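Scroll down for the structure; my scribbles are underneath it.
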Amino acid sequence: MIGDGDHPGRIEPSDRLVDAGRTPCCIGIASAGRDDGWPATDALEAIVLRQHGPDVHGAWSNHRIPSATRWIVESARTMCELVFTPGYLAGGSALTVRTNWAEGPFALVEKPPGC
């Protein structure tokens, strides 16, 4: 059955990292040209797949269920939580949209890691 799991939207490991004074995520979603922002759609697809499994992801990506379906809306809310919760993103959401997707994870390899 499509979407038969119950998946919380809260990202507990991120909360624990923020509480410890660390930044859980560093990403960039900027790219050149008309396809700017595609990493954000890829991230949403990954969240849909993780929260609701391959049946929901496949149905959505093949246009058999609309984006307004509760499963997709729940995943979009989870993504918004990742992006807009203070402390979750290195530099915050404003920097994320200006950071090139290829440069976004650079902070992972800094000493100490930036996220």
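The values are calculated or read from the model by the stated rules, or taken from the named source; none is laboratory data. Keep in mind the model is a prediction, meaning the values are calculated, not measured. Here the Cβ is made from the backbone with ideal geometry for all residues, glycine too, and neighbour counts use every protein chain on show.
In the stretch 92-113, is there at least one residue being on the phi > 0 side of the Ramachandran plot and in contact (Cβ under 8 Å) with a residue 12 or more places away in the chain? No - not one qualifying residue is present in the stretch 92-113.
Residues that are without any contact (Cβ under 8 Å) to a residue 24 or more places away in the chain, under 12 Å from the mean Cα position of the chain (by Cα) and over 27 Å from G21 (Cα atoms) within the stretch 41-55 comprise T41, D42, E45, L49, listed in sequence order.
Conditions (1) under 22 Å from C115 (Cβ atoms); (2) out of contact with any Phe, Trp or Tyr (no Cβ under 9 Å at 6 or more places or on another chain), marked per residue:
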| position | (1), (2) |
| --- | --- |
| E12 | yes, yes |
| A43 | yes, yes |
| V48 | no, no |
| D55 | no, yes |
| H63 | no, yes |
| L82 | yes, no |
| G87 | yes, yes |
| G91 | yes, yes |
| R98 | yes, yes |
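Per the listing L82, L108, L95, the residue uniquely of a type in the set (A, V, I, L, M), surrounded by 18 or more Cβ atoms within 10 Å (Cβ to Cβ) and closer than 29 Å to G21 by Cα is L82. Given the conditions (1) at pLDDT 90 or above; (2) in contact with a Ser or Thr (Cβ under 7 Å, 6 or more places away or on another chain), and given that W38 satisfies all but one, which numbered condition is not satisfied? Among (1) at pLDDT 90 or above; (2) in contact with a Ser or Thr (Cβ under 7 Å, 6 or more places away or on another chain), W38 violates only (1).
Just to be sure, is H63 farther than 19 Å from I11 by Cα and surrounded by 12 or more Cβ atoms within 10 Å (Cβ to Cβ)? Spelling it out, it is not the case that H63 is farther than 19 Å from I11 by Cα and surrounded by 12 or more Cβ atoms within 10 Å (Cβ to Cβ). Number of residues in the stretch 56-89 that are under 13 Å from the mean Cα position of the chain (by Cα), in contact (Cβ under 8 Å) with a residue 60 or more places away in the chain and part of a helix (DSSP H, G or I): the value is 5. If the condition is being among the hydrophobic types (A, V, I, L, M, F, W, C), crowded, with 18+ Cβ neighbours inside 10 Å, out of contact with any Leu (no Cβ under 8 Å at 6 or more places or on another chain) and part of a loop (DSSP other than H, G, I, E, B), then the stretch 24-52 contributes only I29. In the stretch 19-36, the residues that are in contact (Cβ under 8 Å) with a residue 24 or more places away in the chain and more than 15 Å from R98 (Cβ to Cβ) reach residues that are buried (at least 19 other Cβ atoms within 10 Å of the Cβ) and of a type in the set (F, W, Y) with C-beta atoms within less than 6 angstrom, at least six apart or across chains, in these pairs: P24/Y88; C25/Y88.
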